[in-house]
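Below is one structure; the comments refer to it alone.
The values are calculated or read from the model by the stated rules, or taken from the named source; none is laboratory data. Here the structure is a predicted model, which is why all the values come from computation and not from measurement. We place every Cβ from the backbone using ideal geometry, glycine too, and count neighbours over all the protein chains shown. Just the protein is used for accessible areas: all its heavy atoms, side chains included, with ligands, DNA and RNA removed. Shrake-Rupley method; radii C 1.70, N 1.55, O 1.52, S 1.80 Å.
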Amino acid sequence: MEQFNYNPENNQLEDKIRHEEAYLRAKKKVEKIVGFYWHLASYIIINIVVIFIIVYSGGSLKSFATYSTAFFWGIGLLFHGLGVFGPDFLFGKQWEAKKIKEFMDKDKQDWQ
């Protein structure tokens, strides 16, 4: 039978490794969020310029063509946001827990 030897130095090393891995994951997540916000800023600025140029050159504000770049790029921006913040952004665990509690409270009132 193999005996377990506790080595405090080994435990400290494992803690440092876990801390380093957590730091790297957090740093990567922050870089993704920053990338999304740069994407959002460029989306806003460029689409304002594009719409201004179209209208200034005689295009109509009521035409779909005026907003088509913003529309299709917006779809890409939406997917970028979902990739960064995840699908839990809208319907995450907190939302689920809140809804479950809400339905349980309603059922409790119905049975009393």
Could you list, in their original order, any pairs among 32/93; 32/62; 16/99; 29/98 whose Cα atoms are separated by more than 31 Å?
32/62; 16/99
Can you classify the range 60-106 as rounded, prolate or oblate using the Cα gyration tensor, where a ≥ b ≥ c are the square roots of its eigenvalues, rounded means a/c under 1.5, and otherwise it's prolate if a/b beats b/c and oblate if not?
oblate
Can you give the local net charge around residue 35? Use residues other than it whose beta-carbon is closer than 15 angstrom to its beta-carbon, Lys and Arg +1, Asp and Glu -1.
+3
Structure-derived Rg/Rh (Cα atoms, Kirkwood Rh): which label, when the choices are (i) 1.06; (ii) 1.15; (iii) 1.30
(iii)
Calculated FRET efficiency for the pair residue 61/residue 106, C-beta based, R₀ 35 Å, to 0.05
0.15
Between 0 and 90 degrees, rounded to the nearest ten: what's the tilt of helix 64-85 against the longest Cα principal axis of the chain?
0 degrees
Given the options 44, 67, 22, identify the residue whose Cα lies farthest towards the positive end of the charge dipole of the chain (+1 on Cβ of Lys, Arg; -1 on Cβ of Asp, Glu).
67
Residue span residue 19 to residue 42: 0.36 nm per residue of separation minus Cα-Cα distance leaves a gain in nm of 4.8 nm
Of every hundred units of 1.4 Å-probe accessible area on the chain, the number belonging to carbon and sulfur atoms, as a percent, is 65 percent
